[in-house]
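The values are calculated or read from the model by the stated rules, or taken from the named source; none is laboratory data. A quick note: this is a predicted structure, and the numbers were derived from the prediction, not measured. Here the Cβ positions follow ideal geometry from the backbone for every residue, glycine too, while neighbour counts run over all protein chains shown.
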Amino acid sequence: MKRILRDGKCYKDWEGANHEMWYSPVSKQHFPVPRHNAQELKKGTAERILKEAGLK
């Protein structure tokens with residue numbers, strides 16, 4: 001997911017306890033991305049992230 005976001009020109013803005021906050025210049029908004037690198041994201045979570053990033 002993070003590779004897709006970086007390819008879409010999004011970048012990590014800051015980190016919280018369980019999430020990273022990313023910014024998308026396409027949608028001009030911040031959005032949370034869970035920091036569970038070893039686990040796959042649930043389908044709904046992945047779709048929400050891509051939608052908020054303006055990549056879907």
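Quick notes on this structure:
- Inter-residue pairs, beta-carbon under 7 Å, first part of a strand (DSSP E or B) and at pLDDT 95 or above and in region 7-34, second of a type outside the set (Ser, Thr, Tyr) and loosely packed, with under 11 Cβ neighbours inside 10 Å, 6+ apart: Met21/Trp14
- Condition check for Trp22: among the hydrophobic types (A, V, I, L, M, F, W, C) and loosely packed, with under 11 Cβ neighbours inside 10 Å: no
- Taken over region 40-56, residues that are in a loop (DSSP other than H, G, I, E, B) and under 8 Å from the mean Cα position of the chain (by Cα) amount to 1.
- Some residue of region 30-39 being among the charged types (D, E, K, R) and within 9 Å of the chain's Cα centre (by Cα): no
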